[in-house]
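The values are calculated or read from the model by the stated rules, or taken from the named source; none is laboratory data. Just so we're clear, the structure is a prediction, and the values are computed from it rather than from any experiment. Here the Cβ positions follow ideal geometry from the backbone for every residue, glycine too, while neighbour counts run over all protein chains shown.
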Amino acid sequence: MLSQLPIGLSIAGALLLIALGLTFTFGQMGVINMAHGEFIMAGAYTAYMLQGVFSGQAVLAALPVAFLVAGLMGLVLERFAIRRFYGRPLDTLLLTWGVSLVLQQVARDIFGAPNVNVTAPSWLDGRLTLGSVAIPYTRLFIMALAVACVVAIWAYMNRSKQGRRMRAVMQNRELASCSGVVTERVDQLTFFIGSGLAGVAGVALTLTGPIGPTLGTNYLVDAFLVVVAGGLGQLRGAVLAAVALGMLQSYVEFWTDASAAKVVVFAAIIAFLQVRPQGLFVMRSRALT
Amino acid sequence: MRITPLRKMAVLMAASALALTACGGTEEESGSSANANEIKVGILHSLSGTMAISEVTVHNSELMAIEEINAKGGVLGKKIVPVIEDGASDWPTFAEKARKLIRSDKVATVFGGWTSASRKAMLPVFEQEKGLLWYPVQYEGLESSPNIFYTGATTNQQIIPGLDYLKSEGKKKIFLVGSDYVFPRTANKIIKAYAEANGLEVLGEEYTPLGHTEYGTLVSKVMAAKPDAVFNTLNGDSNVAFFKQFKAAGGSAKTLPVLSVSIAEEEVGGIGVDNIVGQPVAWNYYQTTEGDVNTKFVEAFKAKYGADKVTSDPMEAGYNAVYLWAAAVEKAGSTDVEAVKKAADGIALDLPEGKVTIDGATQHVYKTARIGVIQPDGLIKEVWNSGEPIKPDPYLKDYPWAAGLS
Amino acid sequence: MSALTRGKALLTGKYRGYVVFVSVALLLLAVAPAALDPFRLSLLAKYLCLAIAALGIGLAWGQGGMMTLGQGVFFGLGGYAMGMHLKLTEAGDNGLPDFMTWSGVEELPAIWEPFRNPVFALAMVVVLPVVVATALGVLVFRQRVRGAYFAILSQALAAAFVIWLVGNQGLTGGTNGLTNFYDIFGMYPEEDSTKTTFYFIVVIAVGVLYLVARHIVRSRFGRLLVAIRDGEDRVRFLGYNPATVKTIVFATSAAMAGIAGALYVPVVGIISPALLGVVPSIELLVAVAIGGRFSLAGALLGGVLMNWARTTFSESMPDGWIYIQGGLFILVILVAPKGIAGLAGQIGDLVARRRALRTAPAPAPEPGVKEEVPV
């Protein structure tokens, strides 16, 4: 029973990592980025590539590199395609779906169809034992990374100049633009950070999961659900939603099985949106749609 | 801007006309290119989608077999020409492409499929169109279609020897872990019947959705049950997640052996050797299997596809399928499906896994069961084998304890 | 353009819509069966089945603004209703469907029993999707869940549905789905006449459902629907209840998907979770976007074209077809946001501007004219 608690938290950590980037791009810019999963994949493959140079420590070295790689991929996507679609979020879904298909095939052609492996650093080999509960270090690492990312984003959004601009654009694009904020620049930055975070998530997920061309599709639906349940563009919403979903998943699976747990989680979200149609936290606005 | 209904309809008509002419076009092409000196065969595996991981390698080994046979003069003096199609990891697509190969390309036979679902989707097509399919992967048994030859193991050539091995190792309590689809569910049904008859205890049975990657809960359930061994029928990506998280939770081959039936040489790299080293697997062939035929097969494969490539059981079974079919065609003197089927009975060839004989009654093959252990270099070393090829028994008729299963 | 102009001259006035409809009908009913062999004909029937589902999406999304990523669920409900009936006729009065035997099910589950009756099964093809869609619609639309939220929600529904189907192998056939039908209402699937018969049934269904959808769109109700798409709150202020309108349309589109799924089963010979999940549901939507979501004919066209292209590309280049599919797709969304149906208008616009330019020089317009597309 108690042993499920850290498992739930670690699922929450992974969910939060994959969803953080989406909270930005989906929440703030209204872009439904179906290629988000492929940015996660790019992060994982970055770790794989760096393995040749850093061998056992590739995971650590890959964190900043993957952020850059995935961030730049996101930037390119934004510059050449997505910027034409602002204000039409549903069209971005279709566009990025095509991009995701192509990126998967690119990965298949570069790295081959079979999975590859990234060796975890030896210092992550082991467990923390608290009474009857043992938590693998890899899971602690993912949880710590998730917390670090959340803190960094919070600080960035609330303490830096660019972060303030970002919030301004999110809350009222026109007014921000009138006040002299270059919304285009802010959008690019947002997309860069959002995509970069997906890359970081990809690196972390090499510790627990497979690394292959279809890696992204495994996580995409879950990531969207976290964002929707948490409320668009809401950092604390995403955190709470990830924890709630992680716990639900781990306990329901404990009592029944993995398939049932998935179905229950999805059903719970559909039911939850009946009570709070815009997620846990809502940005108040007087605007009419 | 207004879109007039006329414009819409004009475009619709033009496009449909285009589609129709294009459809017609391919028809004529395939019809006229039929050559008296060629025999067309279909190769139908997933080249895209989630199953591409596994199926591309079988696709490659089948093409290699065709090339080898052509280099030796082909079949009946004719060249074998492969027609390649992509099943796209989607079962209805397999059915569509199978029908296309038989109807439009008029292939003599098809080599293809991997998942049980793809085979079940193609089965009615081959039966209705009177075609012939060679299916190269171990599967759950309880099937014997007159239009399919099965060159992979059925349950009594893989699952049951695996259980015999666990029993001989003194494992009394086992835990069943599998992906949620037909093969694991059927395999586990057989395992439970076997356990009951052989005094083994099944402590638990867990399934996860295909492509599942979160195994924290499942691993802790397994650990808490304290079994002597785990029987693993997980598939594809899930194996990677399971073994990574199993190792992170402190599991290893020493503390808890996990016998897998879907992990071959090529999957080991993706899982990471250190996550799975020392774990047993059950197959009929390993890259390290001894014999001249295998040495040549491995060399040829590496020469063609790269020195870092490995060979595995399904690849070998696909390779075998091509040779067995070619032998049957030579014996029958024709590519006619009925003649080939009749001629196939009793054909015996020396193939990489050893002597392989076709059992005409079930259209399966005799195979030697082999238990191997994963080595630090990623290859698999045989630790036990059944001594002689086991007669295929897809419905487990010769096993009294399995009476209630089918 | 000249072909179009000539066409315009030929088909003038209010009758041209009928003329075009009849010509397409003739093309499908007379030309196609003569020109195509039974295999290609049944492929065309398959595309048309998917086009019916696309038509439903065109109605819900193009006209009603409800972007549904879960249409596979309704397609599946219709398909399984049909598949269950076919499996039961085959199994006989006391027999079990083949997959239950190897799944270890000994007694027919109660929920299967009524599907023995063909009338009940055929009714369920429509009733099941409508009931589920109505329940979902009432819950969701009343809460004013819309736009991206609705899209993600319906996607979650599709994902959950597939996991449930796969997880209950004894009841649903699991990943394999239902296949291996030997007797379809007394016809045998291996015979060419069966394929032709079902082709005609599908074509007629396409025609009838297109007319139904067109009638809805052209009615007062349809105008209200478009108004809701473009300004839901404003319509509410006028005293209408958008939730009811949206629910009705969503249920209609679900019914179309159900019919499409039911026709798909005898045409293709299989219904399986692989056809219903997140990916195939998105592919349906993509087909509609490519065809042109604001036009019902465009949705149908997209459904046929996209699936035809998939077959053709994957046959001619099994290795690289994904690039072509993905690339074409990105291109269409970028240059023709209104799809192929809108492209004709876009080109017409461009030509008109060029002409205007020649007569009266003015600053050159941007080549890729961007349209304000309502979301």
Filter the range C:77-106 down to the residues that are more than 14 Å from chain B (Cβ to nearest Cβ) and free of Cβ contacts under 8 Å to residues at least 60 places away in the same chain, then identify the one that is nearest to residue C:279 (Cα to Cα). C:85
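Out of everything in the range B:111-169 that is hydroxyl-bearing (Ser, Thr, Tyr) and assigned to a helix (DSSP H, G or I), what residue ends up being nearest to the other protein chains (Cβ to nearest Cβ)?
First, the residues of the range B:111-169 that are hydroxyl-bearing (Ser, Thr, Tyr): B:115-116, B:118, B:135, B:139, B:144-145, B:150-151, B:154-155, B:165, B:168.
Next, only the ones that are assigned to a helix (DSSP H, G or I) stay: B:116, B:118, B:155, B:165, B:168.
Details: B:116: 7, B:118: 9, B:155: 11, B:165: 25, B:168: 28 Å.
Ranking the qualifying residues of the range B:111-169, first place goes to B:116.
Every residue, every condition in (1) farther than 21 Å from residue A:240 by Cα; (2) part of a loop (DSSP other than H, G, I, E, B); (3) within 11 Å of another protein chain (Cβ to nearest Cβ), yes or no:
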| site | (1), (2), (3) |
| --- | --- |
| A:8 | no, no, yes |
| A:20 | no, no, no |
| A:23 | no, no, no |
| A:55 | yes, no, no |
Please go through (1) at pLDDT 95 or above; (2) among the polar types (S, T, N, Q); (3) crowded, with 24+ Cβ neighbours inside 10 Å; (4) part of a helix (DSSP H, G or I) for residue B:294 and return the number of the only condition it doesn't satisfy. (3)
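Any residue in the range B:319-328 that is on the phi < 0 side of the Ramachandran plot, hydrophobic (A, V, I, L, M, F, W, C) and surrounded by fewer than 15 Cβ atoms within 10 Å (Cβ to Cβ)?
Our first condition is that a residue be on the phi < 0 side of the Ramachandran plot; within the range B:319-328, this holds for B:319-328.
Imposing the further condition that a residue be hydrophobic (A, V, I, L, M, F, W, C) reduces the set to B:321-322, B:324-328.
Keeping just the survivors that are surrounded by fewer than 15 Cβ atoms within 10 Å (Cβ to Cβ) gives none.
There is no residue in the range B:319-328 that is on the phi < 0 side of the Ramachandran plot, hydrophobic (A, V, I, L, M, F, W, C) and surrounded by fewer than 15 Cβ atoms within 10 Å (Cβ to Cβ).
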Being away from every other protein chain (no Cβ under 14 Å) and among the small types (Gly, Ala, Ser) narrows B:236, B:278 down to just B:278
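Kindly indicate which of B:134, B:114, B:91 is in contact (Cβ under 8 Å) with a residue 24 or more places away in the chain and in contact with a Lys or Arg (Cβ under 8 Å, 6 or more places away or on another chain). Steps first, answer last, please.
Values: B:134 fails: in contact with a Lys or Arg (Cβ under 8 Å, 6 or more places away or on another chain); B:114 fails: in contact with a Lys or Arg (Cβ under 8 Å, 6 or more places away or on another chain).
Among B:134, B:114, B:91, only B:91 is in contact (Cβ under 8 Å) with a residue 24 or more places away in the chain and in contact with a Lys or Arg (Cβ under 8 Å, 6 or more places away or on another chain).
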The conditions are (1) surrounded by fewer than 22 Cβ atoms within 10 Å (Cβ to Cβ); (2) more than 19 Å from the chain's Cα centre (by Cα); (3) touching a residue at least 24 places away in the same chain (Cβ under 8 Å), and residue B:279 fails exactly one of them. Which is it? (1)
Scanning the range A:178-230 for residues that are in contact with a Phe, Trp or Tyr (Cβ under 9 Å, 6 or more places away or on another chain) and free of Cβ contacts under 8 Å to residues at least 12 places away in the same chain, which turns out nearest to residue B:247 (Cα to Cα)? A:209
Identify, from the list C:74, C:115, the residue that is surrounded by 23 or more Cβ atoms within 10 Å (Cβ to Cβ), more than 12 Å from chain B (Cβ to nearest Cβ), in contact (Cβ under 8 Å) with a residue 24 or more places away in the chain and not polar (S, T, N, Q). C:74
Can you go through B:88, B:65 and tell me which one is more than 14 Å from every other protein chain (Cβ to nearest Cβ), surrounded by 20 or more Cβ atoms within 10 Å (Cβ to Cβ) and either among the small types (Gly, Ala, Ser) or at positive phi (or both)? B:65
Kindly evaluate residue B:291 against the criterion of being at positive phi and away from chain A (no Cβ under 14 Å). yes
Against the condition on the phi < 0 side of the Ramachandran plot and touching a Leu at 6+ places or on another chain (Cβ under 6 Å), how does residue A:192 come out, does it pass? yes
List the helices (runs of 4 or more DSSP H) that sit entirely inside the range C:170-270 and contain at least 2 residues that are over 22 Å from the mean Cα position of the chain (by Cα) and within 14 Å of chain B (Cβ to nearest Cβ). C:192-218
Across the range A:52-101, what is the total count of residues that are without any contact (Cβ under 8 Å) to a residue 24 or more places away in the chain, surrounded by 15 or more Cβ atoms within 10 Å (Cβ to Cβ) and among the small types (Gly, Ala, Ser)? 3
Quickly run through the range B:177-206 and pick out the residues that are surrounded by fewer than 24 Cβ atoms within 10 Å (Cβ to Cβ), in a strand (DSSP E or B) and among the hydrophobic types (A, V, I, L, M, F, W, C). B:202, B:203
Can you spot a residue in the range B:267-276 that is among the acidic types (Asp, Glu), at pLDDT 95 or above and either surrounded by fewer than 23 Cβ atoms within 10 Å (Cβ to Cβ) or under 23 Å from residue B:114 (Cβ atoms) (or both)? no
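Only helices (runs of 4 or more DSSP H) wholly contained in the range A:197-289 count here; list those with 1 or more residues that are basic (Lys, Arg). Break it down into steps so the answer makes sense when it comes.
Details: elements: A:215-230, A:235-255, A:258-275.
Qualifying helices (runs of 4 or more DSSP H): A:235-255, A:258-275.
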The listed residue being away from chain B (no Cβ under 14 Å), part of a helix (DSSP H, G or I) and within 30 Å of residue C:319 (Cα to Cα), out of A:106, A:99: A:99
Just name the residue that is nearest to residue B:346 (Cα to Cα) out of those in the range B:113-138 that are at pLDDT 95 or above and of a type in the set (Phe, Trp, Tyr). B:134
Selection over the range B:186-209 where residues are within 7 Å of another protein chain (Cβ to nearest Cβ) and touching a residue at least 40 places away in the same chain (Cβ under 8 Å) yields a count of 2
Could you pull out the residue among C:151, C:121 that is under 16 Å from residue C:67 (Cα atoms), part of a helix (DSSP H, G or I) and within 22 Å of the chain's Cα centre (by Cα)? C:151
Would you be able to tell me the number of residues in the range C:65-102 that are under 13 Å from residue C:124 (Cβ atoms) and within 16 Å of the chain's Cα centre (by Cα)? 5
